[in-house]
Amino acid sequence: MSHRVSPTERVRADIDQLFASERDLGDVLEEVARLGVRLLMQTALEAEITEFLGRERYARGDRAHEGSRNGFAPVTLKTTAGPVTLQRPKLRGTEDAFASRLLGVGVCRTNALETLVIAGFVRGLSVRDVEATLAESLGAEAALSKSTVSRICQAIKDEFEAWARRDLSGLELDYLYLDGSHFKYHTGAPAEPVLAAWGITTDGKPVLIAIAPGASESHDAWSGFLAELVGRGLRPPLLVVSDGAAGLIGAVELVFPHSLRQRCLIHRARNILAKVPVSAQAEVKSEYWKIFDDIETDPGEKAVKVARGRIAAFEKKYGTLYPSAVRCLTSDVESLTVHLRFPKEHWKRFRHSNFIERSFGETRRRVKVIGRLPGEQTCLSLVWAVLDRASKGWRGVKHTPVSTRLLADLRRQLLEPPVSITRTQARKRVTARDTAVA
């Protein structure tokens, strides 16, 4: 092939040749995948040179920089797909230094590789674990130095600090979830909670909103946490989903007085079963979930009435056998059934706050290997990094015209109620209108 053909076109030709060959399709696809990585990176590298010079190959005319292309030099990058050899363009006749955003200056590691390393650390892997993983994929020379480890940890910290200060005024939530999880990060002290908020936007997308340390899950801790979010621009949600902690409930009612509150049905189920003999727990659990499942009526008061009727039947059946369990159920019926006022297709998605608990559990499991975290900032950075990556796999909700209309009506009723005016104010408005007409 002519030397005037660019490396990008050579890779394309190699891919075409592979598909034209009579080799086994599986082998061809595997080789094409490797060439695809090479093609993508080579294309990006050549595009950077074109942007730097301000013209395509062999083109004349206006120039962003003096100088011209002067062939290529091979450079091997260690990527998550294995070593990839690219043709790095050389320049001549220019005094301006060219630094590739893809490669950096003197760098033979891609951002994808560094992301892989960061992901390993935030999932609790030790330096030795990460080194072993990289050596297996990229060869024994892929060891990490102490400076690399330090730089990666600093990158996580910097990302977290920027995220924790970001403006929240662009978020409009239908559903806000609140929960906390305990971690040990102070010497000689018991585990302390990390408070977390995440939600589902009016577009149906899940979003991790904030995490913060707290000495306890008290009213003051939660009030301060929520007030800080409001101070950064967070608007009231339609519904707040949480467990039944008194401090949390009080804080929600203080900071978001017009939002509805749903008590996590899974937390309440655990509370109820704790008051029932082990031999009867399976039966009571089944009857408990029958209260909220398979309600065929439309969302609203009718659905709530059906659930209340089932709660009454549950009370009649178990009131004598397990009075403490029944009182646990009937003590807060309103907050257990409020989700039935929302779109039916969303009911099972936000009647509990447990979809983050698996991520919290993973974080706690990783921390056990360490014993305790070096400090508060390290704990928060680790928890954030795990939750941030986990949140990309969280499912949102789908909106239909019916659900969109129902949520809009609820928003007007709860958060945008009409302003009442006195008779005197009304009279003044009529007088002003008549004067304007005259």
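The table for this structure:
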read-out	value
Hits in region 228-255 (condition: open to solvent by less than 10 Å² (accessible area, probe 1.4 Å) and without any contact (Cβ under 8 Å) to a residue 40 or more places away in the chain)	ALA251
Residue check for ALA189: in contact with a helix residue (DSSP H, G or I) (Cβ under 6 Å, 6 or more places away or on another chain), of a type in the set (A, V, I, L, M, F, W, C) and at pLDDT below 90	no
Odd one out for GLY204, checked against (1) in contact with a Gly (Cβ under 7 Å, 6 or more places away or on another chain); (2) modelled with pLDDT of 90 or more; (3) more than 16 Å from LEU387 (Cβ to Cβ); (4) not β-branched (Val, Ile, Thr)	(2)
Within region 47-75, considering residues that are over 14 Å from PRO7 (Cβ atoms) and open to solvent by 70 Å² or more (accessible area, probe 1.4 Å), the one modelled with the highest pLDDT	GLU51
Considering residues of region 292-350 that are among the hydroxyl-bearing types (Ser, Thr, Tyr) and open to solvent by 10 Å² or more (accessible area, probe 1.4 Å) only, the residue farthest from ALA245 (Cα to Cα)	THR297
Within region 159-176, tally of residues that are open to solvent by 30 Å² or more (accessible area, probe 1.4 Å) and either over 14 Å from the mean Cα position of the chain (by Cα) or among the charged types (D, E, K, R) (or both)	9
Which listed residue is within 27 Å of ALA210 (Cα to Cα) and either surrounded by fewer than 12 Cβ atoms within 10 Å (Cβ to Cβ) or at pLDDT below 75 (or both), from ALA385, ALA432, ALA426, ALA436	ALA385
Per-region count, region 171-189, residues under 19 Å from VAL397 (Cα atoms) and in a loop (DSSP other than H, G, I, E, B)	2
Residues within region 264-285 that are part of a helix (DSSP H, G or I), farther than 17 Å from ARG351 by Cβ and free of Cβ contacts under 8 Å to residues at least 40 places away in the same chain, tallied	5
Residue in region 359-376 that is in contact with a strand residue (DSSP E or B) (Cβ under 7 Å, 6 or more places away or on another chain), at pLDDT 70 or above, within 29 Å of GLY188 (Cβ to Cβ) and assigned to a helix (DSSP H, G or I) present	yes
Selection within region 187-206 - out of contact with any His (no Cβ under 9 Å at 6 or more places or on another chain), crowded, with 17+ Cβ neighbours inside 10 Å and not aromatic (Phe, Trp, Tyr)	LEU195, ALA196, ALA197, GLY199, THR201, PRO206
Conditions (1) at pLDDT below 70; (2) surrounded by fewer than 16 Cβ atoms within 10 Å (Cβ to Cβ): number failed by LEU415	(1)
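The values are calculated or read from the model by the stated rules, or taken from the named source; none is laboratory data. What you see is a predicted model; the values in this text were computed from it and never measured. Here Cβ is always computed from backbone atoms with ideal geometry, including for glycine, and neighbour counts include all displayed protein chains. The protein model used for the area step is the full one, side chains on, heavy atoms only, and it has no ligands, DNA or RNA in it. Shrake-Rupley method; radii C 1.70, N 1.55, O 1.52, S 1.80 Å.
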